[in-house]
Amino acid sequence: MMQAFRFDLCELPDETRGLRADVRAFLATELAKVPAVTRAQTWSGSDPEFSRKMGAKGWIAMTWPKKYGGHERSAFDRYVVLEELLAAGAPVGAHWIGDRQSGPLLMRFGTEEQRQKILPRVAKGECYFCIGMSEPDSGSDLAATRTRADKVEGGYKVNGTKLWTSGAHTAHYMIGLFRTHLDPQNKHAGLTQFLVDLKTTEGITIRPIRDLAGKAHFNEVVFQDAFVPDDMLVGTEGGGWNQVTAELAFERSGPERYLSSFILMVEMIRELEKRGGAEGAREIGRLVAHLVTLRQMSLSVAGMLDKGENPALEASVVKDLGAIFEQDMPVRAHELLGIEPTVGAGSDYEQVLGYLTQTTPSFSLRGGTREILRGIIARGLGLR
Amino acid sequence: MNELQTILADSVNGLLAERVTKNLIQSAEDGVWPEALWSELEANGLTRVLVPEAQGGAGGTWADAAIVLKAAGRHVAPLPLAEAVLAHWLLAEAGIAAPDGVLTVMEGDLTLSAGKLSGTARRVPWGRQAAHGVALVGGNLVLASLDGASVAPDINVAREPRDTLTLKDAAAQSAPVALPENALRLYGALVRACQMAGALDYLAAQTVAYANERTQFGKPIGKFQAIQQQLAVLATQAAATGIAADHACASLKKGDAAFEIAVAKIRADDASSIATSIAHQVHGAIGFTYEHGLHFATRRLWSWRAEFGAGAEWAESLGRETIARGADALWPYVTAR
Ligand SMILES: Cc1cc2nc3c(=O)[nH]c(=O)nc-3n(C[C@H](O)[C@H](O)[C@H](O)COP(=O)(O)OP(=O)(O)OC[C@H]3O[C@@H](n4cnc5c(N)ncnc54)[C@H](O)[C@@H]3O)c2cc1C
């Protein structure tokens, strides 16, 4: 029998209902005037003011200890808030990474001083993070990281280039994966994670990169003799590979991995309300079936996280299936309705389609490509 | 799964793994009724998993039934276990005592008059074998004797009996039930979705195992990345179907689960098309032979995905309801279920 991965049903506790209603009411007011095409960006959209409001509501760092500014709530409370934000298309990008992975990473591997200094600000929605993993020659092959951190008096001198760093232009900190030691026999050894203060460190140049739609939300980050003090090392020197693997489990486990095209689904239904017809109904019915199933799988992962289990494999499954669903959406919309996508003008549907048609290729790249995820799943199946 | 469910899963899977041999399936496909296995399933109470204890059943929930139904699919048990589980549940819901002998469910143009059932039921699973059939006529659940029914035998692609039964004034008992008009199709779709989840688990396990055994170019084909990627897809499709079926079963304890059942049947249908294709591709020619057992599962999936409403049929009604509720109601609806 298949024991490779397990998806146990996980029902949200009834106590989460009130919270859901609160979040929904808050978003209804906050987003009332935000156009659909802006909401379609969901967790790629960034709005520090909105993030601070989230912090004030206590909807960031929800599960963290109070001593770090957290709210000690359950993983399910957090899940409900996340899925409501995503489904409504809230601009959560600024604080998303800190809340999802950098904060939890510091909680697990950071020093007490790092936690005290940074986490409460993350919780307030004031301090933002970016992920410094990819490089020009190190994409899927993350262990090929070349950016070097060489030991010097009191710290490390960093040289190299990080690439595709989402939000580096607005973030306060990067968690960077650098090479502190080169062992040609073992490229997974000698990697170390660092907290990099992007606002004050000299020798860092951040250049925005325009994506195919003309938007600049990811960057090239060049380090030239940038000095990072000893107390900014995260975890253990040389332990970066294990730490980054744990971090990727956080990165891949959330509902954003299947809800990125949800706003288009809503706009498709709005179009079909006018048109009717069996074909459109069938398409929507199928999409609903996939949506509901993915939500159950995603909840199951949340349940594992709540129990302190490691759902890395299950998260890869949801991310792979989720990306297919998200990428299928504009294709289905196009085949069904045949309406030309637009940019800058047009109906909500046309603009959302314009945005997502151009954006969906990234959904099976960011956070680990489809092929890499399937490789992880295949390993779980005992094939590698 | 709780502890009792683990015990149930172990025992039903153990029993079926031992009894449902290739020979047994083949002889069933040649028209031989597996009497001994049927008696054993009945003796073990597996057909009455959903019947309350007070009525001589196991008093199980739909989550328990899912375990039995998935096992029936996983081991491709060639008898109407799923149909009997459903029929017994319907009878219990209506408060009609279940008779002995093989039970099946019937859909068709049936009329009940003065305690007699008449009309034609098409594609009745194991109609030829069943002593009694359960049908929904109007708001009534009907248990009819199939003693005098005329049987036009037929089969589905999996060579499971799907017979046309013509009844003339068949002796029947009936009682009103508080179930939707399409309950037979709905719950039929649910039991099929569960069976499909089981069959898909089997396909994934079998295909991974084969890929680890079969050697070409000096290594197991499972070492080729192209094969690994396909197997990952197969396994994720099986997992999705499994949780969709579990979700539908779990939702029944809250009452109406028509929405979740439609979701499960659609998801199972989509997964079956992808998974059967991958399983056969990875098995090569050997999987295309009658001798190799792979097709016992794939042919069932090809039939089951269309039975009790294909994915397309359920998707259309689910889609119509969704559109009628309106775009902005989608998320509130999904999260309120
Ligand atoms: C919108 C967006 C935002 C991003 N944000 C960040 C960020 O904030 N921080 C960050 O560090 N990175 C970020 N990334 C980078 C992302 O993690 C990488 O794009 C990803 O890891 C793939 O690397 P690559 O682009 O170099 O592609 P490559 O690794 O060169 O892959 C190209 C193709 O080859 C395939 N391939 C590669 N290796 C194998 C293999 N072993 N087997 C089979 N196929 C293989 C890949 O699957 C892919 O199809 C972002 C990317 C995008 C698109």
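Things worth noting here:
- From most to least packed by mean Cβ count within 10 Å, the peptides A:278-291, A:145-158 give A:278-291, A:145-158.
- Other residues lying with their Cβ under 15 Å from the Cβ of B:Ala193 contribute a combined charge of +1, Lys and Arg counting +1, Asp and Glu -1.
- Projected label points at A:Glu371 and A:Arg6, each 7 Å from Cα along the beta carbon direction, are separated by 3.3 nanometres.
- Annotation: lysines with alpha-carbon distance below 17 angstrom to B:Lys219 (same-chain offsets under eight excluded): none found.
- Tilt relative to chain A, helix A:16-30 - C-alpha long axis, 0 to 90 degrees, to 10: 80
- In degrees, nearest ten, helix A:48-57 long axis to first principal axis of chain A (Cα): 90
- Relative contact order for region B:190-337: 29 percent, from Cα pairs under 8 Å spaced at least 6 residues apart, divided by residue count.
- Global geometry of region B:3-176, whether rounded, prolate or oblate, following the gyration tensor of its Cα atoms and the 1.5 cut on a/c: oblate
- Prolate/oblate/rounded label for region B:183-336 (Cα gyration tensor, a/c 1.5): prolate
- Efficiency of FRET between B:Ala312 and B:Gln225 - r from beta-carbon atoms, R0 41 angstrom, step 0.05: 0.75
- Centre separation in Å (Cα based) which lies between region A:238-302 and region A:169-234: 30
- Of interest is the spacing of the C-alpha centroids, which for region A:99-121 and region B:1-67 amounts to 52 Å.
- A protection proxy built from the mean count of other Cβ atoms within 10 Å ranks the segments A:376-383, A:49-56, most packed first, as A:376-383, A:49-56.
- Dividing the mean sequence gap of close Cα pairs (under 8 Å, 6+ apart) by how many residues chain B holds gives a relative contact order of 15 percent.
- The distance from the alpha carbon centre of region A:328-375 to that of region B:79-115 is 48 Å, rounded to a whole number.
- All lysines inside 24 Å of B:Lys116 as judged from Cα atoms, apart from same-chain residues fewer than 8 positions distant: B:Lys168
- Theoretical gain in end-to-end length, A:Arg121 to A:Asp22 [0.36 nm per residue, Cα-Cα removed]: 33.3 nm
- Label point distance in nm, A:Ala216-B:Glu40, each placed 7 Å from Cα along Cα→Cβ: 7.2
- When the C-alpha to C-alpha distance is required to be over 21 Å, the pairs from B:Lys22/B:Lys223; A:Lys66/A:Lys319; B:Lys70/B:Lys253; A:Lys67/A:Lys124; A:Lys53/A:Lys319 that qualify are B:Lys22/B:Lys223; A:Lys66/A:Lys319; A:Lys53/A:Lys319.
- Residues of region A:40-60 falling in the label zone of A:Ile339, defined by backbone nitrogen less than 16 Å from a point 7 Å along Cα to beta-carbon, are A:40.
- Across peptide A:266-273, the average count of Cβ atoms from other chains found within 10 Å of a residue's Cβ is 4.
- Between helix B:183-213 and chain B: long-axis angle, C-alpha atoms, 0 to 90°, nearest 10: 20
Throughout, read-outs are computed from the coordinates displayed, never taken from laboratory work. No experiment lies behind these values; they were computed from the predicted model shown. Backbone-built Cβ (ideal geometry, glycine too); neighbour counts: all protein chains shown.
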